[in-house]
Amino acid sequence: MTETAAGTTTWTVGQVAERSGVTIRTLHHYDEIGLLRPSRRSAAGYRLYTQEDLVRLQHVVVYRRLGFSLEEAAVLLDDPDADVAAHLRRQRAEVMSRLDELAELVTAIDRALEAEVSGIQLTPDEQRELFGEGFKEEYQQEARERRGDTEAWRQSQQRTAQYTKADWEAIKAEMDDVNARFVAALQAGEPADGERAMDVAEAHRQHMARWFFDCSPEFHACISEMYVNDERFARTYEEQATGLAQYVHDAVHANAARQG
């Protein structure tokens, strides 16, 4: 970070790349196509970005994550009638629209492991033995009714139909370990967006992808909404540690952003 003779704070392309997570090559490309041209140049001709440039870059990143093309992002950003607040309102509306599109998938995922055992070849007694008294047979029917036509459901059904009791014991042990790692990170004061918590969130995602259904970081983040919005999910986590439901939710979102 440097300061020009006029007192304007600027950043080099390398500093902007480090600060924003956008590669230097991408920043050069944005400059070449006119999407984000640095407002200043050093005496030697090097690119220097101002605070206003960084704000524009932030909007570009958001629009790109929302699926807009570079051309579409440029049109939105160069709208003469739009200001920062207008862009933020537009971005929020688009995010909410995407959330609505994913709502069926989000609501399709029921109570942690209970929602996933709807196709396993275990007796009710064996299910309660593995997953505790919190397991209820009606969860199976509810899960089937809510997500029976989704790809995630079909994958889960196909995979779990072959699982033995030993497989489910391994699944439970693995999930118990992940949850214990979440609790340890929370109680150690680790931030939800810190490396330790995000690593546990990634282990959680990999667990779901390995045993049940394809689980992208984005889909994982959608699922995590129910950890705080569905009282059954929240209770499962809160019984382990106060504040754990929100902590897991935030860690999953941070991990998704890290991988995005």
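The values are calculated or read from the model by the stated rules, or taken from the named source; none is laboratory data. Remember, it's a predicted structure, so these values are computed and weren't measured experimentally. Neighbour counts run over all protein chains shown; Cβ positions are idealised from the backbone, glycine included.
Some notes on this structure:
- Screening region 201-237 for residues that are of a type in the set (Phe, Trp, Tyr) and out of contact with any Asp or Glu (no Cβ under 9 Å at 6 or more places or on another chain) and picking the one that is nearest to Trp168 (Cα to Cα) gives Tyr237.
- Failed criterion for Phe213 (all others in (1) in contact with a His (Cβ under 6 Å, 6 or more places away or on another chain); (2) within 30 Å of Arg64 (Cβ to Cβ) hold): (1)
- Selection within region 32-69 - outside any helix (DSSP H, G or I) and among the aliphatic types (A, V, I, L, M): Ile33, Leu35, Leu36, Ala43, Ala44, Leu48, Leu66
- Filtered by the rule that a residue be closer than 23 Å to Asp193 by Cα, modelled with pLDDT under 90 and part of a loop (DSSP other than H, G, I, E, B), region 206-221 gives a lone residue, Cys215.
- Close contacts from region 178-197, counting a first residue that is within 20 Å of Met208 (Cα to Cα) and a second that is polar (S, T, N, Q) and outside any helix (DSSP H, G or I), with Cβ to Cβ under 7 Å and a gap of 6+ residues or different chains, come to Asn179/Gln240; Val183/Gln240.
- Residue selected from region 7-62 under the condition of a type in the set (Lys, Arg) and surrounded by 13 or more Cβ atoms within 10 Å (Cβ to Cβ), by the criterion nearest to Leu88 (Cα to Cα): Arg56
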